[in-house]
Every structure is written in structure tokens, then in C-alpha cells.
Amino acid sequence: MIPAREARLVRLATGDRVRVVGLEGRQVGDVFCFAAEDPSEHLSAAHTRTQLGRLFPALGESFVTDRRRPILTLVGDTSPGVHDMLIAACDPARYRAHGVGGRHASCAENLHRALGEVGLRTAVVPQPVNVFMRISIEENGGLNWLPALSRPGDSVTFEAAMDCVLVVSACPQDVVGINGGNEPTALALDLFPAQESAERVPALHDTGEKQ
């Protein structure tokens, strides 16, 4: 379980699969991923967009690192398929700009905390893969932050293309209405080791099985 406003870390071996589930729907999850052998190498949204020539991978395509190596592959998606790779992780400065006084949970702090619990650190906060996040682009180039469309039980499944460390934050954003205009809610992670049947996870998505 990933409680609302918090993050959890999992270590993945090549071929392992992880499914990010929106338990109540309309909740954004910030996904970060680092190479296990060298955490200075991380999933890069910018390099992925360049590699694929699109804003988000299609099923079967991979996210790549800042060294242009595949790190995660998108292997399942039961949601409406609306996700984001343009928006930076929320951080304390973002909430101060919103006029929020005092401490406010953020995905950037969640990332540092999750890594620190296993003795890792990152000098920068990579731009995350924002699953279930809905950002529209206007003709004049402007951006709109819109409520997520994901439904209760919708999920996105990734397969590790290398040994890696994955962190998912249940985004604490409650000023801009990306989380359905609601208070942030919990997410869940389902893990499927590589030695399990490769067909098992896609079958769950194909049948629309919910948590």
C-alpha cells in the first residue's frame, strides 16, 4: 500500500513486473526509477520523449534513462490511458508559490525519504512519469491541469528492463485539482517476480480484474 501523500520503494530485477493501482480512482502517481548498479542513472522523461517521438510510450514501448538505455517497459494499462511526462514533481517551492503556509507533503520530499530509508540518495529530482495525470496542451502552447480520469481499480503495469529501484508517490497535490479535485487517496503496488508466468499480468489487465 502507498498511503495518500506518501511514497514507497521497491527493488526490481530484470523481468519483474510492478502494477500501480489507483484504489479509489482519479489519483495521480509520480513514478521514479533508478538503475540499481548506479543510481545516478535514472529514468528520463526528456530522453524517452526523444527516443519515441511521442509524449508517452504505447504498450510494448520502453522508458529510457538519461543514458538512453531502456529501464521500464509499459506492458499493461486498464485506465483511459491518459498519463503525463511533462510536469515536474511537486516540491516545497511549488506549494509556497501556491500560497500554502507551513509544511506540505510533496513528491520530491517523498522521493528523498523513500531512497533514504534504504541508504540511497539523489542529487536531483528527476522529472517523474505521472501516471493517471491529465495535462492538456492548448493551441498557443499553454498547459491545463485537469482532473484525472482514472476509475477505481484502474492500473498501469511496468516490466523492469534492467535491475532497478522504483519509487511511486501518491501525489499530495490538493491545490491544483489534478487528483479529481479531491483530497489525495492511496495507491497500491502489485509485484510479479520474473519467474512467474509472463502471461499472468497481461491476463489480469485483459479481463479488467480489479483490486
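The values are calculated or read from the model by the stated rules, or taken from the named source; none is laboratory data. All values reported here derive from a predicted model rather than from experimental measurement. Counting neighbours? That spans all protein chains shown, and the Cβs are built from the backbone with ideal geometry, glycine included. Only protein heavy atoms, including side chains, enter the accessible area calculation; ligands, DNA and RNA are left aside. Shrake-Rupley method; radii C 1.70, N 1.55, O 1.52, S 1.80 Å.
Suppose we filter the range 40-83 for residues that are polar (S, T, N, Q), open to solvent by less than 50 Å² (accessible area, probe 1.4 Å) and over 19 Å from ARG121 (Cα atoms); how many remain?
At the first step, the residues of the range 40-83 found to be polar (S, T, N, Q) are 40, 44, 48, 50-51, 62, 65, 73, 78-79.
Keeping just the survivors that are open to solvent by less than 50 Å² (accessible area, probe 1.4 Å) gives 44, 48, 62, 65, 73, 78-79.
If we keep only those that are over 19 Å from ARG121 (Cα atoms) as well, we get 48, 62, 73, 78-79.
Residues that pass the stated criteria total 5.
For the range 1-39, a residue qualifies if it is surrounded by 20 or more Cβ atoms within 10 Å (Cβ to Cβ), in contact with a Leu (Cβ under 9 Å, 6 or more places away or on another chain) and on the phi > 0 side of the Ramachandran plot, and exactly one does: ARG26.
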